[in-house]
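Chemist: What follows is a structure written as structure tokens; I'll ask about it next.
Each reported figure results from applying straightforward, stated rules to the coordinates on display, with no laboratory input. Worth saying up front: this structure is predicted, and the values here are computed from it rather than measured. Reconstructed Cβ throughout: ideal geometry from the backbone, glycine too, with neighbour counts over all protein chains shown.
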Amino acid sequence: MSFGASGAQGGIISNGVGYFLLLYYSQVLGLDPALAGLAMMISMIVDAISDPLIGRWSDRFSHKLGRRHPFLFASVLPIPILYFLLWDVPELDQTGLFFYMLIVTILLRLSITLHSIPFNSLLPELTSDYDERTKLTTTRIASAWFSGCLVSVLMYGWWLADTAEYPDGSGIMRAEGYVAAGGATAVAIFLCLGFAAFSTRRYIPELSRPKITGTSVKDSLRQMRKTLVERNLLAIFVCGLFGAVATGTYNSLWPYMQSFFWNFDTQQLSIMMASQVIAAVMAFSLMPLLTRQREKKGVYLLLSVVSALVVTAPVFLRNIDLFPSSQSELLFPLMLLMGVVEVMLFIMTSALLVSMMADVTDHRAVETGLREEGLLFSVESFISKVSAGVGVWIGGLILSAVSFPRDANSTDINILVLTDLGWIYAILLLIVYGLSILGLLAFRLNRSAHSQNISSLDADATDFHNLTKPSHRK
């Protein structure tokens with residue numbers, strides 16, 4: 001339940017930022033798409049600096065509530081408040097809109113870091129089991145997609161539904177709908193964050209305490225660098241980074257592709273998002289079967305190849321007239337099925353990557369004698385934010401490159417613009433998926449190596465207990 005709650009709030013935020021933020025700021029508020037993307041990119045650069053520092057801070061933080069929970073409690077209020085402010089935008093010109101989006105986004109992402117890194121860092125200490133870790137991460141990520149899809153259903157079916165003033169699919173231009181959604185989802189985010197923090201509080205006595213090493217700042221930075229360039233971590237970073245770029249680009253352009261390229265109306269989009277809830281259930285159910293007695297790396301690579309093909313093939317085929325047209329009765333059910341499969345694969349690959357990260361933390365603990373979950377999971381946190389940051393940036397660049405019109409209905413857009421959008425979108429995603437797959441080839445930890453690492457850590461813990469156990473002399 002705790003991992004589900006943490007995932008749910010993350011899914012709500014990721015869904016809003018990934019699917020609707022670019023659409024809201026560029027099409028509804030009138031901000032240049034390239035400027036919206038630039039704001040997300042700058043905030044991501046701030047993350048690149050702040051994430052490892054906050055991760056390292058939580059590794060070494062000493063408090064009666066442990067290393068992680070002070071950060072979890074500190075994030076409960078700022079995140080929902082800043083998320084609401086992201087949508088409740090005052091009337092501003094282009095420059096004002098840019099700086100408003102930039103400042104609120106930076107503060108929001110810093111606040112998210114206070115929760116995401118410490119909470120994810122709990123995983124390696126709560127369970128050392130190779131498969132149980134994958135189950136917990138699947139729970140978190142499936143919950144994220146479930147909650148995100150539920151919000152999208154409400155967005156298209158309620159907050160952005162067509163009205164007499166906004167007919168024929170133009171409900172997505174209703175500014176008041178975005179503000180109302182921001183307020184309602186902010187309350188849900190607050191409840192999820194509070195539950196995740198309080199429900200894991202009982203585990204505090206069982207968690208590791210920071211080792212007071214007395215190292216200088218210079219030595220500490222040297223240790224951070226040594227950890228962050230570890231081979232297996234770099235493999236996960238490169239793989240996850242390009243995978244996040246692919247997912248973020250897919251998410252940021254999803255409303256454009258579905259509304260304009262495929263020409264679906266808001267009712268159909270609402271049905272598509274509702275059907276994707278099934279994907280979360282399927283991923284949660286099928287993951288244990290796929291990973292049982294198999295290596296995480298091999299399963300991840302296979303699922304990534306399938307995902308790349310499922311996402312890009314329909315667009316390629318549509319552009320060369322080998323896919324059902326917008327007038328065909330087959331198009332909607334076919335894309336409905338493809339959407340469910342796409343989301344199921346996204347959930348599975350994301351869960352596997354986080355689970356592999358947890359295995360890396362044990363490997364580093366054996367080599368260094370330090371528990372550095374916060375520093376290591378700062379990489380995962382950064383990767384997850386790249387999904388939104390770079391995705392919105394690339395999405396904005398693509399829209400600018402094809403001269404996509406603002407305030408346009410699907411019937412107003414030149415077919416050549418949509419064709420160009422499809423080519424750039426599909427080719428770019430195929431390239432990025434390929435780079436992600438190549439990145440993981442350098443990963444070397446497997447089930448056997450993990451078992452050896454856990455045995456070594458258990459032996460060290462036993463030796464420490466015996467060493468510190470008081471002796472009784474007769």
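Chemist: Any chance you could give the angle, 0 to 90 degrees and rounded to 10, that helix 331-368 forms with the longest Cα principal axis of the chain?
Modeler: 20 degrees
Chemist: A further question on this structure: Along the positive direction of the dipole of the chain (beta-carbon charges: Lys, Arg +1; Asp, Glu -1; about the Cα centre), which of Ala246, Gly30, Leu353 reaches farthest?
Modeler: Leu353
Chemist: Taking 0.36 nm per residue of separation and subtracting the Cα-Cα distance, what length does fully extending Ala188 through Asp88 add?
Modeler: 34.3 nm
Chemist: 222 nm [θ] for the chain, helices only, -39500 (n - 2.57) per DSSP H run of 4+, per residue, to 500?
Modeler: Only helices count here, giving -25000 deg cm²/dmol.
Chemist: Continuing with this model, one more query. Place the peptides 334-342, 99-107 in order of packing, highest mean first, counting for every residue the other Cβ atoms within 10 Å and averaging per peptide.
Modeler: Result, highest mean first: 99-107, 334-342.
Chemist: If you don't mind, there's one more thing I want to ask. For the chain, just list the percent of Cα-Cα distances falling in each 10 Å bin from zero outward, please.
Modeler: Calculated P(r), rounded to whole percents: 4, 20, 31, 25, 13, 5, 1, 0, 0, 0.
Chemist: Further question: Need one number: nm distance between label points at Glu295 and Asn414, each 7 Å from Cα along Cα→Cβ, rounded to one decimal.
Modeler: The modelled label-to-label distance comes out at 5.1 nm.
Chemist: While we're here: Report the label-to-label distance for Ser325 and Arg444 in nanometres (one decimal), using points 7 Å from each Cα along the Cα→Cβ vector.
Modeler: Using points 7 Å along Cα→Cβ, the separation is 5.7 nm.
Chemist: Do any trypsin sites (Lys or Arg not before Pro) in region 1-82 lie in a DSSP loop with no more than 11 other beta carbon atoms within 10 Å, and if so, which?
Modeler: Lys64
Chemist: Identify the chymotrypsin sites (Phe, Trp or Tyr not before Pro) of region 291-354 meeting these criteria: DSSP loop state and at most 14 other C-beta atoms within 10 Å of the C-beta.
Modeler: Passing both the DSSP loop test and the Cβ count: no residue.
Chemist: Using only the alpha-carbon atoms, how far is helix 277-291 inclined from the longest principal axis of the chain? Give it as 0 to 90 degrees, nearest 10.
Modeler: 40 degrees
Chemist: At 25 °C and 0.890 mPa s, grab the translational diffusion coefficient of region 295-372 from Stokes-Einstein with a Kirkwood Rh over Cα pairs, rounded to a whole number in µm² per second.
Modeler: This corresponds to a translational diffusion coefficient of 163 µm²/s.
Chemist: I'd like the FRET efficiency for Leu309 and Thr127, computed as 1/(1 + (r/R0)^6) with the beta carbon distance as r and R0 of 25 Å, rounded to 0.05.
Modeler: Values: r = 34 Å, r/R0 = 1.34.
Computed FRET efficiency for Leu309 and Thr127 comes out at 0.15.
Chemist: Let me ask another. Quote the FRET efficiency, to the nearest 0.05, computed for Glu206 versus Leu302 with a Förster distance R0 of 45 Å and r equal to the Cβ-Cβ distance.
Modeler: Between Glu206 and Leu302 the formula returns 0.80.
Chemist: Mind pulling the angle between the C-alpha long axis of helix 2-15 and the longest principal axis of the chain? Nearest 10 degrees, somewhere in 0 to 90.
Modeler: 30 degrees
Chemist: Please sort by residue number the trypsin sites (Lys or Arg not before Pro) in region 293-350 whose DSSP state is loop and whose Cβ has at most 15 other Cβ atoms within 10 Å.
Modeler: Those satisfying the criteria are Arg294.
Chemist: Multiplying the sequence separation of Ser403 and Ser455 by 0.36 nm and subtracting their Cα-Cα distance, what value in nm do you get?
Modeler: Result for the pair: 12.9 nm of gain on full extension.
Chemist: Can you check how the C-alpha radius of gyration of region 297-342 compares to 2.2 N^0.38 Å, as a plain ratio?
Modeler: The value comes to 1.33.
Chemist: Given the C-alpha atoms of region 55-152, compute the convex hull and give its volume per residue in Å³.
Modeler: Once divided by residue count, the hull of region 55-152 is 128 Å³.
Chemist: Let me ask something else about it. In whole Hz, what ³J(HN,Hα) sequence does region 227-237 give by Karplus (6.51, -1.76, 1.60; θ = phi - 60°), x for Gly and Pro?
Modeler: Taking θ as phi minus 60°, the curve returns 5, 6, 9, 4, 3, 5, 5, 4, 4, 5, 4 Hz for region 227-237.
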